[in-house]
Amino acid sequence: MQEMISRTPVKLAVLGTGGTIAGAAVDPLDNVGYAAAQVGVAQLLASVPALPRLLGACELVTEQVAQIDSKDMTWAVLYALWQRVTHHLLQPDVLGVVITHGTDTLAETAYFLHCVVSPALLSAKPVVLTCAMRPASALAPDGPQNVLDAVAVALSTGASGVMAVCAGTVHGAEHVQKVDTYRRDAFDSGDCGPLAYVEEGALRQLKSWPEPGANVINLAIKNIANTDDWPRVEIVMNHVGASGAMVEALLAQRAGGPSAAPLLRGLVVAGTGNGTIHADLHAALRRAQEAGVQVVRASCCQRGRVLPSGDVDQFTDSQGLSAVKARIALMLRLMG
Ligand code: ASP
């Protein structure tokens, strides 16, 4: 069991971004037909009865950074989150940050923060994202327990790095993926497995806290406050009958078509199996590469990683990242 820190005066920052955890439906039995992002973060915390006991002398500081369904997440919100997380972690009396977030893009936000928040801050303090698969208005909402568990993780002695907490399971930002459309235990860390479990408020730690990301990136994006200018990277997918049509359309824009869309800088291909790609799509990706577009190969498989083979090596390896996370990594690299 991990000992909880109870020194005074200390604070925990809780940043709200919306999601189902803040969602409301007219009918308490309706777990899908709700509107996300209705309840403010302060109100959300007030509805967790055991929270004051867990916090002890630790004071909560709340901030509504956004109020959105996470399917609508934007770079502007991620940028704001990065700024606010950094601000709070820099305060000597703040032990860590908890973020309430929708489940749909939580893994991307966690990975983004893992990459961009200063390693010096992340190796000393935790950033814990949490969420819910049932709206706040549900007969049995899972948000309150998830919030309690996230706070328990954030207050655990030595906690550091970016993590996600859902259904009593703690995942590291690099490996966490949403794997279920409906069930409460909606996240998985693939081959890596979870970092810890929260059981009756106590942490059972299986692995060390996550190492902060490489953070090449931080320096590069420090000055890019205009998130509209962030490099454009698209994802294409391999499947039965895949063709080069999507890639060709993107390249046509790049060649100066009538579109006002930003210039394509990178492509992530979500390959089948060991990153395999249909011959036609492959040929188009080679043309894209020759035209100066960076191509990264990931796999749609939830476990394993793309292993080197003659064919595979023609494109940059996603290093085991899912396609959506490989996209974030490539965007950040392109800013360097
Ligand atoms: N649509 C919601 C969101 O991602 C889903 C959820 O939170 O579970 O914001």
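Filter the stretch 280-305 down to the residues that are more than 23 Å from ALA255 (Cβ to Cβ) and surrounded by fewer than 22 Cβ atoms within 10 Å (Cβ to Cβ) and list them by number. Within the stretch 280-305, CYS300, CYS301, GLN302, ARG303, GLY304, ARG305 qualify.
Looking only at residues of the stretch 62-76 that are of a type in the set (Ser, Thr, Tyr) and not in a helix (DSSP H, G or I), we find that the one that is nearest to the ligand (Cβ to nearest atom) is THR74. Remark: pairs (first residue in the stretch 52-71, touching a residue at least 12 places away in the same chain (Cβ under 8 Å) and under 18 Å from SER156 (Cβ atoms); second residue polar (S, T, N, Q) and not in a helix (DSSP H, G or I); Cβ separation under 7 Å; 6+ apart in sequence or on different chains) = GLY56/SER6; ALA57/SER6; ALA57/THR8. Just to be sure before I move on: is ALA110 buried (at least 21 other Cβ atoms within 10 Å of the Cβ) and either among the small types (Gly, Ala, Ser) or touching a Pro at 6+ places or on another chain (Cβ under 9 Å) (or both) in the structure I sent? Answer is yes for this residue.
Residues considered: TYR79, TYR111. Of these, the only one that is more than 16 Å from the ligand (Cβ to nearest atom), touching a helix residue (DSSP H, G or I) at 6+ places or on another chain (Cβ under 6 Å), assigned to a helix (DSSP H, G or I) and over 19 Å from LEU155 (Cβ atoms) is TYR79. Taken over the stretch 141-157, the criterion of being in contact with a strand residue (DSSP E or B) (Cβ under 9 Å, 6 or more places away or on another chain) and not in a helix (DSSP H, G or I) is satisfied by ASP142, LEU155, SER156, THR157.
Report yes if ALA159 is touching a residue at least 24 places away in the same chain (Cβ under 8 Å) and within 16 Å of the ligand (Cβ to nearest atom), otherwise no. When the stated conditions are applied, ALA159 does not pass them.
Taking the criterion of being among the polar types (S, T, N, Q) and more than 23 Å from ARG232 (Cα to Cα), the residues of the stretch 57-83 that qualify are THR62, GLN64, GLN67. Scanning the stretch 12-67 for residues that are among the charged types (D, E, K, R) and modelled with pLDDT of 95 or more gives ARG53, GLU59, GLU63. The number of residues in the stretch 77-119 that are among the small types (Gly, Ala, Ser), touching a strand residue (DSSP E or B) at 6+ places or on another chain (Cβ under 9 Å) and more than 29 Å from ARG183 (Cβ to Cβ) comes to 1. Pairs linking a residue in the stretch 187-199 that is free of Cβ contacts under 8 Å to residues at least 24 places away in the same chain to a residue that is surrounded by 21 or more Cβ atoms within 10 Å (Cβ to Cβ) and not in a strand (DSSP E or B), with Cβ atoms under 8 Å and 6 or more positions apart or on different chains, are SER189/HIS175; SER189/VAL176; SER189/LEU195; CYS192/GLU174; CYS192/HIS175.
Do we find that VAL77 is within 17 Å of LYS11 (Cβ to Cβ) and modelled with pLDDT of 95 or more in this structure? So VAL77 does not fit the description; no. Within the stretch 247-300, the residues that satisfy the criterion of being of a type in the set (Ser, Thr, Tyr) and part of a strand (DSSP E or B) are THR272, THR276, SER299.
Using the structure shown, decide if VAL14 is within 16 Å of the ligand (Cβ to nearest atom) and not in a loop (DSSP other than H, G, I, E, B). It is false that VAL14 is within 16 Å of the ligand (Cβ to nearest atom) and not in a loop (DSSP other than H, G, I, E, B). For the residues ARG84, ARG53, the requirement of being assigned to a helix (DSSP H, G or I), farther than 23 Å from LEU203 by Cα and more than 16 Å from the ligand (Cβ to nearest atom) singles out ARG84. Only one entry in ASP185, ASP191, ASP229 is under 23 Å from ARG303 (Cα atoms), at pLDDT below 95 and not aromatic (Phe, Trp, Tyr), namely ASP191.
The values are calculated or read from the model by the stated rules, or taken from the named source; none is laboratory data. From a predicted model like this one, the values you see are computed outputs, not experimental measurements. Virtual Cβ from ideal backbone geometry, glycine too; neighbours counted across all protein chains shown.
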